[in-house]
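Okay, structure first, notes after.
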């Protein structure tokens, strides 16, 4: 006889927010998990009272696991580097490229786990990571193996740079790769690691870094390669005014036109930032189902601008949240990122005449949670995560409503307080039915020695 799948009962939650088709919010409810999937959600009295493991969720809110659609996890080693603190995007990159040239495989493994620990402790259960630097023997396998050890659902993006400074690109020549080697390694990674099955914990993405660091040929060939395997495509696009100017000067096109000319629009593609996406670009993204990773903290940190998220959503563009690199944020707290998305959208709307009359309605707490869950799932091409319902992956997060940060707020509207008050740490995070954060502590790895090694490597990398 087959071994019975283990059960997990999240019992007596003050509120379960499903983000399902009916957007149900269930008071005093429970969630029953069997194996990797949710078996039942409903009033606590209508569900079993016992299971192999029971989490007492009294005083807690339960939400779907948050989905992070854009990150550069290795950059957690170079947060708050003094010379890069006050630079715009291109200057920031030129400052940090020489430091990143010293990356080692151990640095990538450790920084990936530190970044993922921060995400998991903020209620994030699925993350993409865009690794586009491979010096000193670094491989994307280093990130993938680190993710498996910590227990995060992972979309590993095989980034690349092939056009160095001498050829008119932005990165130093020492950091670019040969295009044939890039494509061969992308193929190897897909064949070795990619899992397209339902509840997959690991997918591989083809992800040339940006229009200013790779050639037209690599963009086309990467798209063809990914589509031959049925994998997704990711890059940066239209991040700031210099990005737009570069595209017009080098290609004679807007970033959207350039992307479309190379086959980089479609429901299997998502672009990071899109801060400067114009009306025509929004229309093309909507018509093709092309996704956007919205990274508000990074866009503020680098003064890139305010992405037109409400216009994108109203047009039907899939939009998810991304924390972006830990050196351009400089954090990876996805619930905090959601709060910033809400606030920045309101500020953006307020900038027009009498915008104060319309700004508060630009983004609500519930709309923001939807972007951070369902929106992210759609951007990553997943129909098995992003909301809570029977048959969905058991990815969810619990937050204690009795904390100082939520005092005087959760008693009125627990979900509204979670998004509007100071960002909370998750009390429990469950990924694929496995408890990876328990009572506010990472349950899969010892965090203290990991942080000590991370800080030592950060000093080494920066030459300190």
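The values are calculated or read from the model by the stated rules, or taken from the named source; none is laboratory data. What you are looking at is a predicted structure, and each value in this text was computed from that prediction instead of being measured. With ideal geometry, Cβ positions are generated from the backbone for all residues, glycine too; neighbour counts draw on all protein chains shown.
Values computed for the structure shown
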quantity: Verdict on residue 267 being under 30 Å from residue 148 (Cβ atoms), in a loop (DSSP other than H, G, I, E, B) and in contact with a helix residue (DSSP H, G or I) (Cβ under 8 Å, 6 or more places away or on another chain); calculated: yes
quantity: Test result for residue 157, more than 30 Å from residue 10 (Cβ to Cβ) and at pLDDT below 95; calculated: no
quantity: Set 192, 125: member being surrounded by fewer than 16 Cβ atoms within 10 Å (Cβ to Cβ) and at pLDDT 95 or above; calculated: 192
quantity: Number of positions in region 147-163 that are buried (at least 17 other Cβ atoms within 10 Å of the Cβ) and over 19 Å from residue 234 (Cβ atoms); calculated: 2
quantity: Selection count where residues are crowded, with 24+ Cβ neighbours inside 10 Å and in contact with a helix residue (DSSP H, G or I) (Cβ under 7 Å, 6 or more places away or on another chain), scope region 198-215; calculated: 4
quantity: Whichever residue in region 76-86 is part of a helix (DSSP H, G or I) and without any contact (Cβ under 8 Å) to a residue 60 or more places away in the chain and, among such residues, is farthest from residue 175 (Cα to Cα); calculated: 82
quantity: Failed item, numbered, when residue 304 is tested on (1) within 17 Å of residue 337 (Cβ to Cβ); (2) within 18 Å of the chain's Cα centre (by Cα); calculated: (2)
quantity: Residue count, region 201-226 (criterion: without any contact (Cβ under 8 Å) to a residue 40 or more places away in the chain and farther than 27 Å from residue 94 by Cα); calculated: 1
quantity: Residue list for region 297-331, filter: closer than 23 Å to residue 85 by Cβ and either touching a strand residue (DSSP E or B) at 6+ places or on another chain (Cβ under 8 Å) or in a strand (DSSP E or B) (or both); calculated: 298, 299, 304, 307, 322, 323, 324
quantity: Qualifying residue in region 41-53 (condition: touching a helix residue (DSSP H, G or I) at 6+ places or on another chain (Cβ under 7 Å) and in a strand (DSSP E or B)); calculated: no
quantity: Residues (without any contact (Cβ under 8 Å) to a residue 12 or more places away in the chain and not in a loop (DSSP other than H, G, I, E, B)) located in region 227-256; calculated: 228, 245, 248, 249
quantity: Scan of region 87-122 for residues that are at pLDDT below 95 and either on the phi > 0 side of the Ramachandran plot or not in a helix (DSSP H, G or I) (or both), ordered by number; calculated: 87, 88
quantity: All positions within region 270-292 that are assigned to a strand (DSSP E or B) and closer than 20 Å to residue 246 by Cβ; calculated: 271, 272, 273, 292
quantity: Residue list for region 314-331, filter: modelled with pLDDT of 95 or more, farther than 14 Å from residue 373 by Cβ and in contact with a helix residue (DSSP H, G or I) (Cβ under 8 Å, 6 or more places away or on another chain); calculated: 315, 316, 317, 323, 324
quantity: Of all residues in region 341-388 being touching a residue at least 12 places away in the same chain (Cβ under 8 Å) and on the phi > 0 side of the Ramachandran plot, the one that is surrounded by the fewest Cβ atoms within 10 Å (Cβ to Cβ); calculated: 381
quantity: Checking residue 247 against (1) closer than 30 Å to residue 303 by Cβ; (2) at pLDDT 95 or above; (3) over 24 Å from the mean Cα position of the chain (by Cα); (4) surrounded by 15 or more Cβ atoms within 10 Å (Cβ to Cβ), the condition it does not meet; calculated: (2)
